[in-house]
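The values are calculated or read from the model by the stated rules, or taken from the named source; none is laboratory data. Predicted, not measured: the structure shown is a model, and the values here were computed from it. Glycine also receives a Cβ, built like all others from the backbone with ideal geometry; neighbour counts cover every protein chain displayed. We work out accessible area using only protein heavy atoms, side chains counted, and drop any ligands, DNA or RNA first. Shrake-Rupley method; radii C 1.70, N 1.55, O 1.52, S 1.80 Å.
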2 protein chains.
Amino acid sequence: MNFNLKEAIEVLKRTPQTLDYFLSGLSDSWLQADEGEGTWNAAEVIDHLIECEKTNFIPRIEAILQEGGPHRFPPFDRFAHITNKTDEPFHIRVLEFKNLRAANLEKLQSLVDSEDHFERTGIHPEFGEVKLRELLSTWVVHDLTHISQITRIMAKHYEQDIGHWRQYIRFFNN
Amino acid sequence: MNFNLKEAIEVLKRTPQTLDYFLSGLSDSWLQADEGEGTWNAAEVIDHLIECEKTNFIPRIEAILQEGGPHRFPPFDRFAHITNKTDEPFHIRVLEFKNLRAANLEKLQSLVDSEDHFERTGIHPEFGEVKLRELLSTWVVHDLTHISQITRIMAKHYEQDIGHWRQYIRFFNN
């Protein structure tokens, strides 16, 4: 097991500011690019991360730590941010993500105060019993995969532009 | 063609600061993690980006713009940073990348001053004649693929920790 709460928080606390620095102020051609019909642009990835801060990770952590469990996780809609599209400008959405994440990390640290909590379980709607430490590791990996998704979306915007180099770029050869 | 010099520079100028913010101060368990024998850790990816600033993109741009071409590209060793390993602490390596990139973007803007330059060509050692605009687009995509690589390396550090969620994470299913 590599999971370590202190190290997990190191990544979780950096993600919003990293994305803010990388994306805020970019031209719309970058922020509005997507990978085709039914795929997300970078701004929509931020909206998904916001939705996860609101209705996924902390509510699931709370479900696990609630007495008398294991309890079923509250519902989470992966497409809520598409169903309820926002008109907010990009920098406001990033700011919302930053604020929610900061508040959630405070909450996390007040909820999880001992390693004994790590083995507590909740019931995932698809794969049944899962441990708190698996959920917390997943929160980190979820950040990482969505940062990667954003770089992939942006790279695809230039897929036809790079000519022969395409064969060297993993995004285009998976 | 989506390539646009102004938009390309928007990304190129953000990459070093983004990686600095995301990685500096992380525990060694994150910075020293790799994907197994013969693969790079996050710090080595920065070393590779430094090497590219020194011996890849700008020298190739100069070769393309030199009169009397098309000229062959000067040699580039993709593994130079592994052959000549550095002992510098991580924050010094990131700082070197930031400084080199800033200087190179100034150079780029002094070298490429008209769209007519975009169609000029140089000779790549493997795939022959390539255009300046393809090389410049590749510089951007190269940044993006290495940011993604770093997130993948870090995610793999938790691959065994996330349990059933592994099936949802693209890094682990390619």
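The figures follow:
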{"quantity": "Total residues in segment A:117-128, condition modelled with pLDDT of 95 or more and open to solvent by 80 Å² or more (accessible area, probe 1.4 Å)", "calculated": "1"}
{"quantity": "Options B:Ala33, B:Ala63, B:Ala43: the member that is small (Gly, Ala, Ser) and either within 14 Å of another protein chain (Cβ to nearest Cβ) or in a loop (DSSP other than H, G, I, E, B) (or both)", "calculated": "B:Ala33"}
{"quantity": "In segment B:76-130, residue farthest from B:Pro59 (Cα to Cα) [restricted to those that are in contact (Cβ under 8 Å) with a residue 40 or more places away in the chain and among the basic types (Lys, Arg)]", "calculated": "B:Arg93"}
{"quantity": "Those residues of segment B:16-47 which are open to solvent by 50 Å² or more (accessible area, probe 1.4 Å) and out of contact with any Phe, Trp or Tyr (no Cβ under 8 Å at 6 or more places or on another chain), in sequence order", "calculated": "B:Gly25, B:Asp28, B:Gln32, B:Glu35, B:Glu37, B:Gly38"}
{"quantity": "Every residue from segment A:76-91 that is in a helix (DSSP H, G or I) and open to solvent by 60 Å² or more (accessible area, probe 1.4 Å)", "calculated": "A:Thr83, A:His91"}
{"quantity": "Failed item, numbered, when A:Glu134 is tested on (1) assigned to a helix (DSSP H, G or I); (2) under 23 Å from A:Asp28 (Cβ atoms)", "calculated": "(2)"}
{"quantity": "Neighbours by Cβ (under 6 Å, 6+ apart or cross-chain): first from segment B:16-38, under 18 Å from A:Ala8 (Cα atoms) and touching a residue at least 40 places away in the same chain (Cβ under 8 Å); second part of a helix (DSSP H, G or I) and open to solvent by 50 Å² or more (accessible area, probe 1.4 Å)", "calculated": "B:Ser24/B:His91"}
{"quantity": "Selection from segment B:160-174 of residues that are in a helix (DSSP H, G or I) and more than 7 Å from chain A (Cβ to nearest Cβ)", "calculated": "B:Arg166, B:Gln167, B:Tyr168, B:Phe172"}
{"quantity": "Those residues of segment A:116-159 which are more than 7 Å from chain B (Cβ to nearest Cβ) and more than 26 Å from A:Glu7 (Cα to Cα), in sequence order", "calculated": "A:Pro125, A:Glu126, A:Gly128, A:Ile153, A:Lys156, A:Glu159"}
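One line per residue, one yes/no per condition, for (1) in contact with a strand residue (DSSP E or B) (Cβ under 7 Å, 6 or more places away or on another chain); (2) closer than 16 Å to A:His164 by Cβ; (3) modelled with pLDDT of 95 or more; (4) open to solvent by less than 80 Å² (accessible area, probe 1.4 Å):
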{"residue": "B:Pro59", "(1), (2), (3), (4)": "no, no, yes, yes"}
{"residue": "B:Pro74", "(1), (2), (3), (4)": "no, no, no, yes"}
{"residue": "B:Gln109", "(1), (2), (3), (4)": "no, no, yes, no"}
{"residue": "B:Glu115", "(1), (2), (3), (4)": "no, no, no, no"}
{"residue": "B:Val130", "(1), (2), (3), (4)": "yes, yes, yes, yes"}
{"residue": "B:His142", "(1), (2), (3), (4)": "no, yes, yes, yes"}
{"residue": "B:Met154", "(1), (2), (3), (4)": "no, no, yes, yes"}
{"residue": "B:Gly163", "(1), (2), (3), (4)": "yes, no, yes, yes"}
